[in-house]
Each structure stands twice: as structure tokens, then as C-alpha cells.
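Trainee: Take this structure, written in C-alpha cells, and hold onto it; I'll ask about it next.
The values are calculated or read from the model by the stated rules, or taken from the named source; none is laboratory data. Note that the coordinates shown come from a computational prediction; the quantities given were computed from them, not determined experimentally. Ideal geometry is used to build each Cβ from the backbone, glycine not excepted, and the neighbour counts take in all protein chains shown. The area values use the complete protein model at the heavy-atom level, side chains included, leaving out ligands, DNA and RNA. Shrake-Rupley method; radii C 1.70, N 1.55, O 1.52, S 1.80 Å.
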Amino acid sequence: MEHAIWNPQAECMDRESLGQVQLERLQMTLNLVVRNVDFYAKKFREIGLLPEDVRDVSDLAGLPFTTRDDLIRAYPYGLFAVPLRNVVQLRLAASSVEPIVVGYTRQDLRMWTELMCRAMTAAGAGRTDIIQVAFHYSQFPGAFTFNQGAESLGAVLTPAATVSGALQIKMMRDFRSTVLAGTPAFALSLIKTLQDVESRTSAEGSGQGESGSGLHLRVGLFGPEALQPQVRGLLERGLGLRAYSVYGVAEMIEPALAAECVQQSGMHLAEDHFYVEIVDPKTGQPRAPGEEGEVVVTSLTTQGYPLIRFRTGDISRLHLAACPCGRTSARLSPVFRRSDDAVSVRGIRVHPGLVEQVIRDVAPESPDFRLVIQTVHGLGDQVELVLAHPEDGPLPGATLETLRAQLRRVLGLGLRLRQVPANRLPLAGLTYKTTFQERETPASELPF
């Protein structure tokens, strides 16, 4: 099972053959978007380029980027490459006052499901496993693909998105779940919950099961936050599993664009379906393999919502060295940081500029603000909005309640609000109007 591969023909293709497949699929995609998407047709006309002029995947470097702002302006169907009658599913992709919507054809859904099967197999999961999916579906719509992937894999699926941590632990024990899928931040919270449950069980004099924790977990699939080494170690020791990263792009919704294998040395890219570049985030110029830069993604097989040179904002590295697992695809390092001001809180991306926009709409009399992100082991855990109140006194409670409700609606996340005089605002760091405070976790809270 250690080197099981879901689709050996695609995942172990030699690099020369892969390059040819990528070129053929790229040319088909470019023809599709130029014919059916006005945004791309205009871009190509502006630079005087025809799809047939792209004779190598490296020629993509001459095409303009697609940005998140482009996606917002195209809402709702401006970037769809097929008629709406061919779309079978619509999903909101990211929190925004003007949301981004992604459409899927049946073939698109089959493609993403197959990529999730690859990711699960790469981590050592199989048809004999019981896979507990603990993502919150409204905050991470890509979680639906974990469900579809588990079913296609032939495993037993346990959707557990909306239940409490204590019930998650009970389900893991009673169902004998062997695979956990969720955010790293939520998985860390389960360690504390597990300790609390064990303390109560011990006080009641009950047994704990076959192992010390009573859990049977052996594999953890984590995203969309990057799985940093310290957090990986905490999860593996605290939950008794091996932790793997699954990477996706929020504006494409789905995970499994890249995923770790059992070697845990980088995430294998689905290069037969996506072409990935690493560019200088400031100049947009290509970076060589091994150099740090922004991840840029081009769809190769997507029908409903193909994107050309989409700037993800994720900073990472690309590695081409062969992997002992047998897969020949390039590997992506865990995301180091963002090129924009977005921050992740419990797996939800928060844009300070978007928060500022909501404040200006609801409470324009407030002269300034700060976001205070409390982190645990480097992961965003809680966020507080500190408002500078006007010189004539604090904002009324009704305004604060309206602001709190609007922020929850827009961000999908509850924020604590506090008012202070403008000269008492916390200092901002390198991230726009944002400061980070690491919350110390007492050793007694960790069961190891």
C-alpha cells in the first residue's frame, strides 16, 4: 500500500510525454476560451496572439495574467466557457462583497473527483478505510470533493462537518475512522478536545479502547492552510496519524490540485490537468525550479471555468527531482506566505481590504482600524477587529451589531469587536492594518 498509485498512466508519465500532453491540452483550452470567453478573446486581440501561436507550454509566459479582480468583475458568468445549460453545479469560490462563482460541467466534476482519489491514494488511503470529513462545507466548498473522492475510492465516508469536537472524537472511536480530513487548525483543537474527553472518561472509570486514545486514525489529509513542520509534528503525535497536505486554489474551489505522497517531501502536482508556473510576485517574470515565487495556474482540461495564468497569491517553490514513490510529476513546497495581504483564520481567507470596505459602508465615521490575529503554532485561530472611534465618542451599539453581522456575512467568520481611541490602536506589521499575536498554549493542554 505504501507506493499505491491511483492512475499510474497519468501520474508516472515520463516528462517528455507529459510535455506533449500538456501542449495538446493547452492548445485546446486556448481555442476554447478565445472562442467562448469575451475576456480572453479581447486579451488575445490586444497582444495580437492566436492560440496556434503557442507552440510550447513555455510560450505561456507571453500571455497576460488573470487576477482575482478579473474574476470578481466577471461575476456571475463572464468567464464561463460553456453555455449555462451544460453547467451542472455552481459554487461560490471566495468571500467577497462581489462574490466569485465557479461552474462545473459533469466532466469537470469527474476530473476533480479523480484528482481527489489520487490524493487519497498517495497518502495511503484505500477502499478499506473509513474517511471522516470534518471540513465546514459553507466555509470550504471544496470539502464536497472529499466526499465524492472517498465514495469513488470505495472507502466508507463519514461526513462530520457540523458536529462539535467532542462528537467528532466519539464518531472516530465508535466508527473506527482511519482517515481524518480537515483544516490543521481544527485538527489541533481536536487534540485538546481529546484530552478533555479522556479526563472525563478516566474520572468515570471507563476504558478507552484498544489504544491509549481509543482512536484508530492513521492518515490525516489537511488543507487549505499550509501544513508547517511544527504543526505536522503536533498532529502526528497528538492524533496518532501521519499528516499530509492537500493543496487547492480558493478561486477554483477544489482541493487536490497538488497533494503529498507517503514521502512527505512536497505536493505532487496534477500536471496533466494544470500547468503551474512560479513567477516573481513583483515583476511577473518566470522563476527557475527551486526558486521561491508566486504560484500561477493555467487550466488544461477544465470545461466550465478554465483560467489562463491565474495569479494565486501563494508563494512557494517548484521541484522537478524524481520522487521515490514513483510519481514523475513536479512537486510544490508548502505555501510559505501570501503575496497579497490575505491572512488565513481557521482555514478561511480574510482580506484586510475587504474588512476596510465593509467598515466604510457601515461605519464611515470610524477613522481607522486594526485586525488582531491570534495564532496558535503559527496558525490563525481567532481574529479581533479593533476600531478607532470618532473624536466625539464611541460608535453606538446598533452600528456595531450591524457591522458585526455584515462582516460575518461577507467573511463567513465571526469577529470580536472592540473600540479604542485612534492613538491606542495596535501597531500594524508588514501585513496591511494587521498585527499577529501568538497565543501560548500551556503544555498541559497537549496530551503528549
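Trainee: Taking 0.36 nm per intervening residue step and subtracting the Cα-Cα distance, what contour gain separates R409 from F436 on full extension?
Mentor: Once the chain is fully extended between R409 and F436, it gains 7.4 nm.
Trainee: Using +1 on the beta carbon of Lys and Arg, -1 on that of Asp and Glu, and nothing else charged, what's the dipole of region 151-199 about the Cα centre, debye to 20?
Mentor: Roughly 40 debye, rounded to the nearest 20.
Trainee: Can you list the HN-Hα couplings for region 324-334, worked out from phi with the Karplus curve (6.51, -1.76, 1.60; θ = phi - 60°), rounded to whole Hz and with x for Gly and Pro?
Mentor: Couplings: x, 6, x, 6, 9, 6, 5, 10, 9, 5, x Hz.
Trainee: For Cα pairs less than 8 Å apart in space and 6+ apart in sequence, what is the mean separation divided by the residue count of region 121-265, i.e. the relative contact order in percent?
Mentor: 26 percent
Trainee: So what's the back-of-envelope 222 nm ellipticity for the chain, counting only DSSP H runs of four-plus at -39500 (n - 2.57) apiece and dividing by all residues, rounded to 500?
Mentor: Mean residue ellipticity at 222 nm (helix-derived): -10000 deg cm²/dmol.
Trainee: Roughly how far apart, in whole Å, are the Cα centres of region 391-441 and region 11-37?
Mentor: 46 Å
Trainee: Okay, next question. Multiply the residue separation of V163 and E384 by 0.36 nm, subtract the distance between their alpha-carbon atoms, and state the gained length in nm to one decimal.
Mentor: Extra length from V163 to E384 when fully extended: 77.1 nm.
Trainee: Say each of N423 and Q107 gets a label point 7 Å from the Cα, pointing the same way as Cα to Cβ; how far apart are those two points in nm?
Mentor: Between N423 and Q107, the label points sit 6.6 nm apart.
Trainee: Report, in debye and to the nearest 20, how large the dipole of region 22-100 comes out about its Cα centre when Lys and Arg carry +1 and Asp and Glu carry -1 on their Cβ.
Mentor: For region 22-100, the charge dipole is close to 300 debye.
Trainee: For region 102-245, what is the percent of antiparallel DSSP beta bridges, rounded to the nearest 5?
Mentor: 0 percent
Trainee: Restricting to Cα pairs below 8 Å that are 6+ residues apart, what does the relative contact order work out to for the chain? Please round to a whole percent.
Mentor: Relative contact order for the chain comes out at 15 percent.
Trainee: Let me check something: with ligands and nucleic acids excluded, how do M111, M28 order by accessible area (1.4 Å probe), largest to smallest?
Mentor: M28, M111
Trainee: Still on this structure, I have one more. Assuming R0 = 45 Å, what is the FRET efficiency of C12 and R85, from their Cβ-Cβ distance, to the nearest 0.05?
Mentor: The formula returns an efficiency of 0.75 here.
Trainee: Return the FRET efficiency for the residue pair Q285, R200: r is the Cβ-Cβ distance, R0 is 45 Å, and the value is rounded to the nearest 0.05.
Mentor: Between Q285 and R200 the formula returns 0.20.
Trainee: Once the Cβ-Cβ distance between T399 and M28 is put in as r, and R0 is 60 Å, what FRET efficiency do you end up with, to the nearest 0.05?
Mentor: Using R0 = 60 Å, I get an efficiency of 0.70.
Trainee: Please list log₁₀ I(q)/I(0) at q = 0.14 Å⁻¹ for the chain, using the Debye equation with identical point scatterers on the alpha-carbon positions.
Mentor: Each listed q corresponds, in turn, to -1.38.
Trainee: Using 0.36 nm per residue of separation minus the Cα-Cα distance, give me the extension gain between Y137 and Y75 in nm, one decimal.
Mentor: 20.2 nm
Trainee: Specify which residue in the list M111, L413, L332 is farthest towards the positive end of the charge dipole of the chain, using unit charges on the beta carbon of Lys, Arg (+1) and Asp, Glu (-1), about the Cα centre.
Mentor: L413
Trainee: Quick check on packing: order 416-425, 286-295, 372-381, 251-260 by the mean number of other C-beta atoms within 10 Å, highest mean leading.
Mentor: 251-260, 372-381, 286-295, 416-425
Trainee: Further question on the same structure: Pull up the cross-link candidates among the lysines for K42, meaning alpha carbon to alpha carbon under 25 Å and not fewer than 8 places away within one chain.
Mentor: Qualifying lysines at Cα under 25 Å: K282.
Trainee: Right, next: Which value results when the Cα radius of gyration for region 368-422 is divided by 2.2 N^0.38 Å?
Mentor: 1.22
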